[in-house]
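The values are calculated or read from the model by the stated rules, or taken from the named source; none is laboratory data. Model, not experiment: these values are computed from the prediction. We work out accessible area using only protein heavy atoms, side chains counted, and drop any ligands, DNA or RNA first. Shrake-Rupley method; radii C 1.70, N 1.55, O 1.52, S 1.80 Å.
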Amino acid sequence: MNKEKFVNFFEDKGYIIVLAVLALIMFVVTGRFLETEEESESGFTMEETIMGLESEDILSIGFRSSEDGELYLFAQDSEGSWYLAYAPDVEIVQEAPQYFIELCKNITSYYKTEGVEDFSKYDISDDGAYIFIVTADETYQLFIGGENSTLNCYYARFAGEDTLYGVSADYGEMVAYTLDELITDE
(Lines give C-alpha, C1' and ligand atoms only; values in the text may rest on other atoms or scores of the structure.)
Protein backbone atom coordinates (compact mmCIF):
# COMPACT_ATOMS: atom_id res chain seq x y z
CA MET A 1 0.00 0.00 0.00
CA ASN A 2 2.82 2.43 0.75
CA LYS A 3 4.31 1.52 -2.61
CA GLU A 4 1.09 2.56 -4.36
CA LYS A 5 1.13 5.99 -2.66
CA PHE A 6 4.73 6.46 -3.72
CA VAL A 7 3.97 5.54 -7.34
CA ASN A 8 0.85 7.71 -7.42
CA PHE A 9 2.81 10.68 -6.09
CA PHE A 10 5.27 10.60 -8.99
CA GLU A 11 2.62 9.77 -11.58
CA ASP A 12 0.89 13.05 -10.91
CA LYS A 13 2.39 15.35 -13.56
CA GLY A 14 1.94 18.43 -11.40
CA TYR A 15 4.56 17.27 -8.96
CA ILE A 16 6.97 16.39 -11.74
CA ILE A 17 6.69 19.89 -13.19
CA VAL A 18 7.30 21.41 -9.75
CA LEU A 19 10.35 19.17 -9.23
CA ALA A 20 11.69 20.10 -12.68
CA VAL A 21 11.30 23.83 -11.93
CA LEU A 22 13.00 23.43 -8.55
CA ALA A 23 15.87 21.52 -10.17
CA LEU A 24 16.26 24.29 -12.76
CA ILE A 25 16.33 26.96 -10.03
CA MET A 26 18.95 24.99 -8.08
CA PHE A 27 21.09 24.68 -11.22
CA VAL A 28 20.89 28.42 -11.94
CA VAL A 29 21.64 29.44 -8.34
CA THR A 30 24.48 27.00 -7.67
CA GLY A 31 25.93 27.19 -11.17
CA ARG A 32 26.45 30.96 -11.01
CA PHE A 33 29.94 31.15 -9.50
CA LEU A 34 31.43 33.88 -11.67
CA GLU A 35 29.94 37.19 -12.63
CA THR A 36 31.39 38.06 -16.03
CA GLU A 37 32.06 36.35 -19.32
CA GLU A 38 35.76 37.11 -18.91
CA GLU A 39 35.84 35.27 -15.58
CA SER A 40 33.93 32.32 -17.01
CA GLU A 41 36.58 31.85 -19.69
CA SER A 42 39.34 31.52 -17.10
CA GLY A 43 37.83 28.74 -15.07
CA PHE A 44 37.33 28.50 -11.36
CA THR A 45 40.45 27.44 -9.48
CA MET A 46 41.08 26.12 -6.01
CA GLU A 47 42.94 28.27 -3.54
CA GLU A 48 46.36 29.29 -4.78
CA THR A 49 49.04 31.24 -2.90
CA ILE A 50 49.93 34.22 -5.09
CA MET A 51 52.46 35.75 -2.69
CA GLY A 52 54.35 34.05 0.10
CA LEU A 53 56.70 35.93 2.41
CA GLU A 54 58.11 35.49 5.89
CA SER A 55 56.98 38.09 8.44
CA GLU A 56 60.56 39.09 9.24
CA ASP A 57 61.22 39.84 5.54
CA ILE A 58 58.59 42.59 5.45
CA LEU A 59 60.29 45.88 6.25
CA SER A 60 57.23 48.08 5.92
CA ILE A 61 53.62 47.75 4.95
CA GLY A 62 50.90 50.16 4.05
CA PHE A 63 47.76 50.78 2.10
CA ARG A 64 45.77 53.47 0.38
CA SER A 65 42.42 53.64 2.09
CA SER A 66 39.29 53.03 0.05
CA GLU A 67 37.44 55.21 2.55
CA ASP A 68 39.47 58.43 2.67
CA GLY A 69 42.03 57.94 -0.14
CA GLU A 70 44.97 58.48 2.23
CA LEU A 71 48.16 56.42 2.10
CA TYR A 72 49.11 54.82 5.42
CA LEU A 73 52.68 53.48 5.35
CA PHE A 74 54.03 51.85 8.50
CA ALA A 75 57.69 51.40 9.40
CA GLN A 76 59.56 50.19 12.48
CA ASP A 77 62.07 52.16 14.49
CA SER A 78 65.27 50.67 15.95
CA GLU A 79 63.38 49.57 19.08
CA GLY A 80 60.74 47.67 17.09
CA SER A 81 57.91 50.16 17.57
CA TRP A 82 55.68 50.90 14.60
CA TYR A 83 55.00 54.41 13.34
CA LEU A 84 53.43 56.14 10.37
CA ALA A 85 56.27 56.94 7.98
CA TYR A 86 54.94 60.41 7.15
CA ALA A 87 53.89 61.26 10.73
CA PRO A 88 56.25 59.54 13.20
CA ASP A 89 54.92 61.55 16.15
CA VAL A 90 51.37 60.20 15.79
CA GLU A 91 50.75 57.37 18.27
CA ILE A 92 49.31 54.39 16.43
CA VAL A 93 47.83 51.12 17.60
CA GLN A 94 50.95 48.91 17.63
CA GLU A 95 49.02 45.73 16.81
CA ALA A 96 47.64 47.14 13.53
CA PRO A 97 50.82 46.90 11.38
CA GLN A 98 51.62 43.45 12.78
CA TYR A 99 48.08 42.30 11.95
CA PHE A 100 48.48 43.66 8.40
CA ILE A 101 51.79 41.79 8.00
CA GLU A 102 50.29 38.52 9.21
CA LEU A 103 47.39 39.03 6.82
CA CYS A 104 49.57 39.89 3.82
CA LYS A 105 52.56 37.58 4.16
CA ASN A 106 50.65 34.80 2.36
CA ILE A 107 48.07 36.12 -0.05
CA THR A 108 45.73 33.48 -1.42
CA SER A 109 43.59 33.72 -4.55
CA TYR A 110 40.32 31.85 -4.98
CA TYR A 111 40.35 32.24 -8.76
CA LYS A 112 42.27 34.07 -11.42
CA THR A 113 41.77 35.39 -14.91
CA GLU A 114 44.83 36.11 -17.04
CA GLY A 115 45.04 38.63 -19.87
CA VAL A 116 42.58 41.15 -18.47
CA GLU A 117 42.68 44.42 -20.41
CA ASP A 118 40.10 46.52 -18.58
CA PHE A 119 40.28 46.40 -14.80
CA SER A 120 37.82 49.26 -14.38
CA LYS A 121 34.86 46.90 -14.58
CA TYR A 122 36.23 45.30 -11.40
CA ASP A 123 36.59 48.70 -9.70
CA ILE A 124 40.39 48.47 -9.85
CA SER A 125 42.27 51.63 -10.79
CA ASP A 126 45.76 53.02 -10.30
CA ASP A 127 44.36 55.79 -8.12
CA GLY A 128 42.18 53.41 -6.06
CA ALA A 129 42.79 51.34 -2.95
CA TYR A 130 45.92 49.21 -2.73
CA ILE A 131 48.20 47.37 -0.34
CA PHE A 132 51.90 48.21 -0.38
CA ILE A 133 54.52 45.72 0.92
CA VAL A 134 58.26 46.44 1.06
CA THR A 135 60.95 43.80 1.51
CA ALA A 136 64.74 44.13 1.14
CA ASP A 137 64.49 42.64 -2.37
CA GLU A 138 61.19 43.79 -3.76
CA THR A 139 58.21 46.11 -3.44
CA TYR A 140 54.71 44.74 -4.03
CA GLN A 141 51.61 46.74 -4.83
CA LEU A 142 48.30 44.86 -4.80
CA PHE A 143 45.35 46.90 -6.05
CA ILE A 144 42.06 46.03 -4.36
CA GLY A 145 38.86 46.51 -6.33
CA GLY A 146 35.19 45.82 -5.87
CA GLU A 147 33.59 43.05 -3.91
CA ASN A 148 32.40 39.82 -5.49
CA SER A 149 29.58 38.92 -3.11
CA THR A 150 28.99 35.57 -4.83
CA LEU A 151 32.45 34.34 -3.80
CA ASN A 152 32.78 36.56 -0.70
CA CYS A 153 36.03 38.03 -1.97
CA TYR A 154 37.46 41.15 -3.55
CA TYR A 155 38.91 41.65 -7.01
CA ALA A 156 42.64 42.35 -6.99
CA ARG A 157 45.67 42.66 -9.25
CA PHE A 158 49.38 43.24 -8.77
CA ALA A 159 50.85 46.40 -10.31
CA GLY A 160 52.17 45.77 -13.80
CA GLU A 161 50.31 42.47 -14.25
CA ASP A 162 47.27 41.64 -16.35
CA THR A 163 45.94 38.90 -14.05
CA LEU A 164 42.75 39.38 -12.05
CA TYR A 165 42.53 37.60 -8.70
CA GLY A 166 39.78 36.96 -6.21
CA VAL A 167 41.26 37.50 -2.74
CA SER A 168 39.84 37.20 0.77
CA ALA A 169 37.39 39.83 1.96
CA ASP A 170 39.95 40.56 4.71
CA TYR A 171 41.95 42.62 2.19
CA GLY A 172 38.91 44.72 1.34
CA GLU A 173 38.46 45.34 5.05
CA MET A 174 42.15 46.20 5.46
CA VAL A 175 42.04 49.01 2.90
CA ALA A 176 38.87 50.39 4.50
CA TYR A 177 40.70 51.51 7.66
CA THR A 178 41.03 55.24 8.33
CA LEU A 179 43.44 57.21 10.54
CA ASP A 180 40.88 57.41 13.36
CA GLU A 181 40.91 53.61 13.60
CA LEU A 182 44.71 53.41 13.57
CA ILE A 183 45.68 55.98 16.19
CA THR A 184 45.70 55.26 19.90
CA ASP A 185 43.23 56.91 22.24
CA GLU A 186 45.10 59.21 24.57
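Treating the Cα atoms of region 137-180 as identical point scatterers in vacuum, please give the log10 of the normalised Debye intensity I(q)/I(0) at q = 0.13, 0.16, 0.23, 0.31 Å⁻¹, two decimals. Once normalised to I(0) and log-transformed, intensities are -0.31, -0.45, -0.80, -1.08.
Per the Debye calculation on region 40-122 with a single equal scatterer at every Cα and no solvent contribution, log₁₀ I(q)/I(0) for q = 0.14, 0.16, 0.21 Å⁻¹ amounts to -0.66, -0.79, -1.04. Restricting the calculation to Cα atoms, every distinct pair contributes to the Kirkwood radius of region 69-111, found to be 11.7 Å.
Diagonalising the gyration tensor over the Cα atoms of region 77-170 and scaling each eigenvalue by 5 before taking the square root yields semi-axes of 28, 14, 13 Å, largest first.
Between the amide H of SER81 and any residue lying 5 or more places away or on another chain, no distance stays under 5 Å, with hydrogens modeled in the peptide plane. Ordered from highest to lowest accessible area with the whole protein assembly present and a 1.4 Å probe, ARG64, ARG157 read as ARG64, ARG157.
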